[in-house]
Amino acid sequence: MWRIIGTWLFFATVCTASFAFKSDLTITQFAHAAWGADQGAPPRILAITQAADDALWIGSAEGLFRFDGLTFERYQTQPEPPLPASPVVSLLVRPSGDLWIGFYSGEISLLRNGHTVNYGKRDGVPRGYIDGLAQDQTGAVWAGWEYGLVRLEDNCWKEIGREWNFPGTAARALYVDRAGTLWVATENTIVFLPKGTRTFQSTGIHVGQVSQIVEAPNGKLWMSEPTRSVRPVPLHTRLAPSDETEVRVGSGAILFSHYGDLWIPTLGDGLRRVPDPEKLRGRPDRSSPDLESYTTTDGLSSNYDLSIFQDRDGNIWVGTDRGLDRFSKNPVADLRGLSRSPQAQPPSIQSLVADGQSYLRWTDLKLPAGTKNIQINYTVVNLMAPWRVHFRYKLEGVDTQWQDAGTSRTAYYRNLGPGKYQFHVIASDIGGAWTSNAAVIDFAIPPFWFQTAWFQALCGAVALLILWAVYRLRMRQLERQFGLALETRVDERVRIARELHDTLLQSFHGLMFQFQAARNLLPRSPESAMRALDEAILATEQAIAEGRDAIHDLRPDSGPQHELAELLTAAGKELAAVRAENGHCPNFRVIVEGKPQRLSPTLQDEIYRISREVIRNAFHHAGANHIEVEIRYDEHQLRLRIRDNGKGIDPKVLEASGSPGHWGLPGIRERAQQIGSRLEFWSEMGAGTEVELVVPGAIAYEKQRDSHRFRLFRWGGSNGGRS
């Protein structure tokens, strides 16, 4: 229903507009708008024309600009050579859409489908101010300059001279009328070239400096002379009736609008308009009531007006030395935005900016690798009310649905990754109708070498190799731990063998001899036999005690971990109790210095075994009265000293690491070496023995071991598999 209402409103507006076209409006009743430097308009606008997409091409002292109704965009060529760095003084749009550009420096450029061709002196373009450009009905392009006339032939500019019967040395104004005749104003006359001929003909009239020739709706030719006036061309009676009418206002450009009125920009006195030129008679000047006036006091951007143009919608555009002005007789302009058709104009993409670098060509566009931030500028041509146009866009690969941009004409995307992308944008008119065809741009962001699939596959293979290497290293570590555990078990078996050999086997061997001696004495001396049996019984008790000690050493402690001092105190009490049964019990004590530290359970067990073996030897073999154990907890080491005042150890026994057939001292030294400690003996015959065991704190203390251990391979068993 809303679409039907919108359609009726459109037709009603058109009907109102048709009525307004026939009414007599003064120039001050036109809808007027102005763009100056604050709105981005370039200064000294010398030429205006309209592109195929309805946008305005503007030639100015600062170069070529494109105006879509909202933004003045300086035209740039990329990656082709830039346009000449010279003011643009003339423009010509061909029906094909090609744009010809004439420069103050005398150069000519062609803009076709976004590609630029520059013509200079080597292409036949003479140096000098390009006064005008024209295309005749055969399609030939002509250019007039201050020293002659040239024509484009075979992509080269040919100077027109005697062979064409061209009489002048300058071509200041060019115009092709509706009949196809080419009119050229020379330095003092006007000549013409009928369609299909190659010979210029003279009008026989004398004129001053002519800046423009135009054709009125009634077919009459008019000309403007900046230093004199605006007047009909005084042609010979064979061509058209002479007309003595003359508007005494100097002008560089004139325009007959679609409505038949005459617009005259002046060079310092604003804008003049003649509503009905056919009724004009005599020689009115700029203050005549026959001329309507519009100056800066009425809102004109400047009184110094240089160019004038009427677009397809009937809007009058005036280029001044300070900006651009628009006059619209169409009342649709007052509705702020209803275009010539209710269907919205298709949008166009102006540029793509990637990480600060601008791109104007996007056929097979490949951006640099690593591009992250994208800015896409788009627009739609609406010369009446561009602020009423809304946009939607979508980037394939990023957006899952259309993004409503409102009136914004820029899309931003951040942190894009490698890949191919396609950007779409559509526009709407004030009735809400969206364009059926979207403007599309394709671009690609290639990956860095480390973002490619083959590199990622290689990284995956390397990761697998690393995992395999870690696995193999762990297996070797477990094998080594198993080997150490096996070696420890073998060592333990050797120690057990030593214990059994030094205790039980020796004791049992002695008992065998004692029982044999008692048996031999029994027939001869029963009393001696009884004493021998008593000694054998005592020896048996000692063997049982030694066996108990050996079994105690082999049984693991399944209860909670005790401090080393407690374990050694218990061991001393047990050994003292055994010695007390035999009638001799030395004094035993344990001294602790420093703050006790928690020891590694495995290491504490090894230290305990070493210490207990030393204490047991002191109880059984030293014949000491006093045995003392000193445990000192220093920050960087654990020191343990065991001393007695017994008979000492023979130095030869110490040097030989024990008596032949006895394995106590070798076992102590082996255990000390395995835990990375230092073991020293001091002994003299009759002066006692002192044994010192020093273990580094990083090995002995549990916290220091955790802080220094390389944690990568801590998963799994941590005690080396020892039992």
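Straight distance only, please: which lysines reach the Cα of LYS121 with their own Cα at less than 29 Å, same-chain residues fewer than 8 apart left out?
Straight-line reach from LYS121, under 29 Å: LYS158, LYS195.
Any aspartates and glutamates with Cα under 19 Å of the LYS372 Cα? List them, leaving off those in the same chain fewer than 8 positions away.
Candidates past the 8-residue exclusion: ASP355, ASP364, GLU396, ASP399, ASP442.
What are the trypsin sites (Lys or Arg not before Pro) within segment 80-166 that DSSP puts in a loop, where the Cβ has at most 12 other Cβ atoms within 10 Å?
Details: sites: ARG112, LYS121, ARG122, ARG127, ARG151, LYS158, ARG162; in loops: ARG127.
Here the trypsin sites (Lys or Arg not before Pro) that fit, given the DSSP loop and packing criteria, are ARG127.
Of GLU680, GLU80, GLU244, which has the most accessible area and how do the rest follow, probe 1.4 Å?
GLU244, GLU680, GLU80
Is segment 31-138 rounded, prolate or oblate when judged by the Cα gyration tensor, a ≥ b ≥ c being the square roots of its eigenvalues, rounded requiring a/c under 1.5 and prolate requiring a/b larger than b/c?
Judged from the Cα gyration tensor, segment 31-138 comes out prolate (a/c at least 1.5, a/b above b/c).
What ranking of LYS394, LYS573, LYS420, LYS372 comes out by heavy-atom accessible area, probe 1.4 Å, highest first?
Largest accessible area first, the residues go LYS420, LYS573, LYS372, LYS394.
Counting each pair of different Cα atoms once, what's the Kirkwood radius of segment 368-450 in Å, rounded to one decimal?
Every distinct Cα pair counted, the radius reaches 13.9 Å.
For segment 95-190, compute Rh as the Kirkwood radius over C-alpha pairs and then the Stokes-Einstein diffusion coefficient at 37 °C and 0.692 mPa s; write the answer in µm²/s, rounded to an integer. All intermediate terms of the calculation are to be shown ahead of the outcome.
Numbers: Rh = 13.6 Å.
For these conditions, the coefficient is 242 µm²/s.
Charges at C-beta only: +1 for Lys and Arg, -1 for Asp and Glu. How large is the resulting dipole of segment 251-324 about its Cα centre, in Debye rounded to 20?
In total the dipole reaches around 160 debye.
If you roll a 1.4 angstrom probe over the protein chains with everything in place, what fraction of the accessible area of segment 79-230 belongs to carbon and sulfur, to the nearest %?
Of all accessible area on segment 79-230, carbon and sulfur atoms account for 47 percent.
Using a probe of 1.4 angstrom, how much of the accessible area of segment 426-499 is carbon and sulfur, in percent? All intermediate terms of the calculation are to be shown ahead of the outcome.
Working: 3290 of 4820 Å².
For segment 426-499, the apolar C and S fraction of the accessible surface comes to 68 percent.
For segment 428-485, what class follows from the C-alpha gyration tensor (a ≥ b ≥ c being the square roots of its eigenvalues): rounded when a/c is under 1.5, otherwise prolate if a/b is larger than b/c, else oblate?
Prolate shape, in that a/c is at least 1.5 and a/b is the bigger ratio.
The values are calculated or read from the model by the stated rules, or taken from the named source; none is laboratory data. Being a predicted model, the structure only gives us computed values, none of them experimental. Cβ sites come from the backbone with ideal geometry, for glycine too, and all protein chains shown count toward neighbours. For the accessible areas, the whole protein counts, side chains as well, though only heavy atoms, and no ligand, DNA or RNA atoms are used. Shrake-Rupley method; radii C 1.70, N 1.55, O 1.52, S 1.80 Å.
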